[in-house]
Structures are given as structure tokens and as C-alpha cells.
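*Asks:* Take this structure first; my questions come after.
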Amino acid sequence: MPNFRFEIVEFGKTTILDEELPSADLASPRAIEMAHAALLAGNSTGADQSGSIIRVYDEAGYLVATVNFSDVVRDNSELQSGSTNPPTEEPGVMRSG
């Protein structure tokens, strides 16, 4: 399985995690899951993590996805407010070419 590097930048500190995933298509959803988990942990401490970001790189070092926590927060609040238009794409994901 391919290995991906997740760079999580929170409060100016970078944490690097390596994870094997079956395909690059699963890297973005995994980064979104990580952002959700970090936001939930931050909510219990009262920390504002909206400026945090996760970048995902493949084995060759190419950027395959970027997840901005601010987009994940916005998408969560829209869903919780009862928006009838659920997102059609992955929230907070910018793909590189």
C-alpha cells in the first residue's frame, strides 16, 4: 500500500504523521477525518483552530491534498444549522494538478 505523509500545522507547530492507505483517493477523506478529530479536541479546550491546516503528500513528495480547518468548521456549522443543500464535494479540500 502507498504511504502518505500528513503534515498537520496547528498554532505554528507542525506534526508529521505517516499512514498507509490503499489509494490517493482516500488521502483527502482521511485528512478531513483528522481535522474533525482535532477540532473536537480543540472544542473541549476552547482553542480556536480555524487557522490550522493539513497537507497530504504522496510517496514521491507531491502535494495531493490540502484541508483547511476553517472550511471544515464552516461546513459543520452549515450542516448543523439544517441546511438543505449538503456539500457535493469534500469540505476544505484543494487538489493539486
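*Asks:* Against the condition in contact with a Leu (Cβ under 8 Å, 6 or more places away or on another chain) and either modelled with pLDDT of 80 or more or open to solvent by 60 Å² or more (accessible area, probe 1.4 Å) (or both), how does Ile54 come out, does it pass?
*Replies:* In short, no.
*Asks:* If the requirement is being open to solvent by 50 Å² or more (accessible area, probe 1.4 Å) and out of contact with any helix residue (DSSP H, G or I) (no Cβ under 8 Å at 6 or more places or on another chain), which of these qualifies: Ala27, Ala41, Ala31?
*Replies:* Ala41
The values are calculated or read from the model by the stated rules, or taken from the named source; none is laboratory data. The shown structure was predicted, so the numbers you read here are calculated from the model rather than taken from an experiment. Here Cβ is always computed from backbone atoms with ideal geometry, including for glycine, and neighbour counts include all displayed protein chains. These area figures cover heavy atoms from the full protein model, side chains too; ligands, DNA and RNA do not enter into them. Shrake-Rupley method; radii C 1.70, N 1.55, O 1.52, S 1.80 Å.
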